[in-house]
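Enquirer: Got a structure here, written out as structure tokens. Questions coming.
The values are calculated or read from the model by the stated rules, or taken from the named source; none is laboratory data. Quantities reported herein were computed from a predicted structural model and do not represent experimental measurements. Here the Cβ positions follow ideal geometry from the backbone for every residue, glycine too, while neighbour counts run over all protein chains shown.
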Amino acid sequence: MTIFIFSFLTMKAIQRQITGYTGVFFAAGKLGLRNLVVSLTWGGYPDVDVVALNPQNDKRVSIQVKSHSARNSWYPLSLGKSDFYVFVDISRERIDYSIMPTTLVRSMATKNLLSWQKSHPNEKYPWLDAEQVEEHREK
């Protein structure tokens, strides 16, 4: 028996899901390479995609992963409970990523939103553009 999980989704929605999962798996892999124990939440905890534990000191952090596959894109945000954001750019042959503390992301996104609301007063959702994230890219 074949089950078609995505049969009710459009191709655009499927691509968005693939991009999101690719970013989460990439972030989890990079964190694992840093000798952290990593667990994915699979949407079971709002605004948190990955929980990472340092077995050396028992410190835990929650991470929200944001991915995009289009150049010169932007990242919509929900500024929730996570400690860090990992932004993953899969628009090139080589995947680039940035790790940023939520305090910095919240500050930058709020500034963007307030500026944007001057000409779009009904806008309610914070965001960062890819150029802002690029400044914090891991090398």
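Enquirer: Check off (1) closer than 26 Å to ILE14 by Cα; (2) more than 12 Å from the chain's Cα centre (by Cα); (3) among the polar types (S, T, N, Q) for SER98 and give me the number that stays unchecked.
Expert: (2)
Enquirer: Which residue, of SER7, SER91, is over 20 Å from LEU128 (Cα atoms) and at pLDDT below 85?
Expert: SER7
Enquirer: Same structure, new question: Taking only pairs six or more apart or across chains, which ones have beta-carbon atoms under 9 Å, a first residue in region 86-111 that is in contact (Cβ under 8 Å) with a residue 24 or more places away in the chain, and a second residue that is crowded, with 21+ Cβ neighbours inside 10 Å and among the charged types (D, E, K, R)?
Expert: VAL86/ASP49; VAL86/LYS66; PHE87/LYS66; VAL88/LYS66; ILE95/ASP89; ASP96/ASP89; TYR97/ASP89; SER98/ASP89
Enquirer: Follow-up. Are any residues in region 6-18 assigned to a helix (DSSP H, G or I) and without any contact (Cβ under 8 Å) to a residue 12 or more places away in the chain, and if so, which ones?
Expert: MET11, LYS12, ALA13, ILE14, ARG16, GLN17, ILE18
Enquirer: Same structure, new question: Considering only region 119-131, I want to know if a residue exists there that is out of contact with any strand residue (DSSP E or B) (no Cβ under 6 Å at 6 or more places or on another chain), surrounded by 16 or more Cβ atoms within 10 Å (Cβ to Cβ), without any contact (Cβ under 8 Å) to a residue 40 or more places away in the chain and more than 20 Å from ALA52 (Cβ to Cβ).
Expert: no
Enquirer: Which of the strands (runs of 3 or more DSSP E) found entirely inside region 19-78 contain at least 3 residues meeting this: touching a strand residue (DSSP E or B) at 6+ places or on another chain (Cβ under 9 Å), surrounded by 13 or more Cβ atoms within 10 Å (Cβ to Cβ) and without any contact (Cβ under 8 Å) to a residue 60 or more places away in the chain?
Expert: 50-54, 59-68
Enquirer: Within region 97-118, can one find any residue that is crowded, with 16+ Cβ neighbours inside 10 Å, assigned to a helix (DSSP H, G or I) and of a type in the set (Val, Ile, Thr)?
Expert: Yes, region 97-118 has at least one match.
Enquirer: Right, here's the next one. Would you be able to tell me the number of residues in region 79-96 that are surrounded by 14 or more Cβ atoms within 10 Å (Cβ to Cβ) and either assigned to a loop (DSSP other than H, G, I, E, B) or of a type in the set (Lys, Arg) (or both)?
Expert: Here the count works out to 6.
Enquirer: A further question on this structure: Looking at PHE87 and the list (1) in contact with a helix residue (DSSP H, G or I) (Cβ under 7 Å, 6 or more places away or on another chain); (2) over 15 Å from TRP127 (Cα atoms), which single condition is not satisfied?
Expert: Just one mismatch for PHE87, condition (2).
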